[in-house]
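Structure first, then comments.
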Amino acid sequence: MNLFRIPFIALLSILLISGCAKKKEAVSENGSKSSGAANVSEISGFEKRGDLAPNFSWKDKDGKTISFDNFRGKVTLVNFWATWCGPCKRELPDLIALSKEMENEGVKVIGVSTDRGANVIDDVKAFVAEAGITYQIVISNEELEETYGNIRVIPTTFLIDADGKISQTIVGGRTKEQFAEAIRAILK
């Protein structure tokens with residue numbers, strides 16, 4: 001009986017030690033510490049427009065202001081989601097793959113996190129880093145959500161054509177194939 005206890009205690013000890021370890025801070029190329037992904041930013045401005053998709057802006061990792069209008073001329077998928085949303089998490093791997101596969105076709109993916117809280121930026125950065133999300137993520141606010149038609153259900157995805165018009169609104173989760181089919185219809 002003692003022979004069975006020793007491996008069990010050793011395994012339990014390893015699990016406890018590894019499970020309680022603090023997450024290491026990421027260190028960037030210039031040696032500065034970071035608590036998560038560099039592709040996560042807060043909304044720094046937005047503008048509602050008549051027949052065009054709302055414009056919004058954020059600061060990139062170098063502090064440069066980037067505007068949604070910078071993507072004019074490309075089909076853009078704008079996905080409103082949250083770290084706590086089950087259907088959102090299920091479609092993330094498909095969106096990551098889609099963003100990589102369709103980039104050469106002039107398609108951009110932007111994630112808009114609807115998470116809230118005192119540590120929202122750090123929380124979303126940690127989630128994005130862990131999930132391996134490589135496309136741009138911006139942290140939303142109520143005003144931006146209202147500008148996009150008062151987002152009440154997530155995930156909600158907007159497919160925006162090269163002219164900046166909302167071509168399709170998709171409420172609820174979808175697969176990579178469903179998104180790709182909808183995007184290819186716009187690319188034609």
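Derivation of every value follows stated rules applied to the coordinates shown; laboratory data play no part. For clarity, every value in this text was computed on a predicted model and none was experimentally measured. Glycine also receives a Cβ, built like all others from the backbone with ideal geometry; neighbour counts cover every protein chain displayed.
Name the long-range amide H neighbours of Ser41: under 5 Å, sequence gap of 5 or more, or other chain; modelled H, no Pro or chain starts.
Those lying under 5 Å, H to H, from Ser41 are Ile137, Val138, Ile139.
Between Ile66 and residues 5 or more places away or on another chain, which pairs have amide H atoms under 5 Å apart, with H built 1.01 Å from N, and which residues are they?
Trp58, Lys59, Asp60
Which ³J(HN,Hα) values, rounded to whole Hz and listed in residue order, are derived for the range 93-104 from phi using the Karplus coefficients 6.51, -1.76 and 1.60 in 6.51 cos²θ - 1.76 cosθ + 1.60 with θ = phi - 60°, glycine and proline given as x?
x, 5, 5, 4, 4, 4, 4, 6, 5, 9, 4, 5
How about the range 94-161: which trypsin sites (Lys or Arg not before Pro) there are in a DSSP loop, with at most 14 other Cβ atoms within 10 Å of their Cβ?
Working: sites: Lys100, Lys108, Arg116, Lys125, Arg152; in loops: Arg116, Arg152.
Sites meeting the loop and neighbour criteria: Arg116, Arg152.
Can you list the HN-Hα couplings for the range 165-174, worked out from phi with the Karplus curve (6.51, -1.76, 1.60; θ = phi - 60°), rounded to whole Hz and with x for Gly and Pro?
Values per residue, Gly and Pro as x: 9, 5, 8, 7, 10, 10, 9, x, x, 9 Hz.
Highest first, please rank the peptides 158-165, 179-186 by the mean number of other Cβ atoms sitting within 10 Å of their residues.
Packing order, densest peptide first, comes out as 158-165, 179-186.
If I model a spin label at Lys64 and Glu142 as a point 7 Å from the Cα along the Cα→Cβ vector, what separation in nanometres do I get?
The two pseudo-label positions are separated by 3.5 nm.
Using the Karplus curve 6.51 cos²θ - 1.76 cosθ + 1.60 with θ = phi - 60°, work out ³J(HN,Hα) for each residue of the range 127-133 in order, rounded to whole Hz, and write x for Gly and Pro.
My calculation for the range 127-133 gives 5, 4, 5, 5, 7, x, 6 Hz in order.
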